[in-house]
Amino acid sequence: METREIKDEWIVLEENDPPPDLARENAAFERERPRLVREHVGKIAVIHGDEVIGPFATLMEAETEAYRRFGVNARLIFPLITEKDEPEWVSNVDINHPSVQRID
C-alpha cells in the first residue's frame, strides 16, 4: 500500500509556541474578498494555501467539501465572508475607571 506524504498538514503547537503564520492564507482571502462580498456575503469560504473555495451556506458543507478535496489533515481555514474583519479581541473595560470618558 502506497502512503502519500502530506506537506500541508496543520501544525501542532506546544504551550509556548508562537501562533502559526497564516499570512499566505490571509492574503489569498483578501485578494478574493471584494468578489466574495459582492456575491456571497454572510456565507463561508474555505482557504487552502493560495486557493479560495466556496461559498458554502453552512460550516458543515464547507468542511465536508474541504475534507473531501484535501483530506482531514490539510491546513484549512474557514472564514465567514464579511465586508471587513471583526476585532479578534475586545478588552474588558471598566466604565467607572477615571481614564474612561463618557461620550454623550
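Bear in mind these aren't lab numbers, they're just calculated from the coordinates by the rules spelled out. Here the structure is a predicted model, which is why all the values come from computation and not from measurement. Methodologically, a virtual Cβ is constructed for each residue, glycine included, from the backbone with ideal geometry; neighbour enumeration extends over all protein chains shown.
Within the listed set E65, E14, E88, the Gaussian network model of the chain (springs between alpha-carbon atoms below 10 Å) gives the highest mean-square fluctuation for E88. By how many degrees, 0 to 90 and rounded to 10, does the Cα axis of helix 59-70 deviate from the longest principal axis of the chain? Tilt of helix 59-70: around 40 degrees. Helix-only arithmetic for the chain: the sum of -39500 (n - 2.57) across DSSP H runs with n ≥ 4, divided by the residue total, places the mean residue ellipticity at 222 nm at -9500 deg cm²/dmol. A simple rule links phi to the HN-Hα coupling: the Karplus curve 6.51 cos²θ - 1.76 cosθ + 1.60 with θ = phi - 60°, which for the stretch 23-28 gives 4, 4, 5, 5, 5, 5 Hz, with x for Gly and Pro. One chain, two ends: I53 and K84. Fully extended at 0.36 nm per residue, the span grows by 9.3 nm beyond their Cα-Cα distance.
Provide the FRET efficiency to the nearest 0.05 for the E61-E14 pair, computing r from the beta carbons and using R0 = 35 Å.
Values: r = 33 Å, r/R0 = 0.94.
Given R0 = 35 Å and the Cβ-Cβ separation, E is 0.60.
For the stretch 1-103, applying the loop criterion from DSSP together with a ceiling of 14 other beta carbons within 10 Å to the chymotrypsin sites (Phe, Trp or Tyr not before Pro) yields W10, W89. Here volume of the Cα convex hull per residue in Å³ was calculated from the structure, and among (1) 358; (2) 186; (3) 203 it sits at label (2). Springs join every pair of Cα atoms under 10 Å in this Gaussian network model of the chain, and among L22, L80, L59 the largest mean-square fluctuation is at L22.
Any idea what the relative contact order of the stretch 6-104 is, in percent, if you count C-alpha pairs under 8 Å spaced at least 6 apart? Intermediate values should be presented prior to the final figure.
Working: 103 pairs, mean separation 28.8, N = 99.
After rounding, I find 29 percent.
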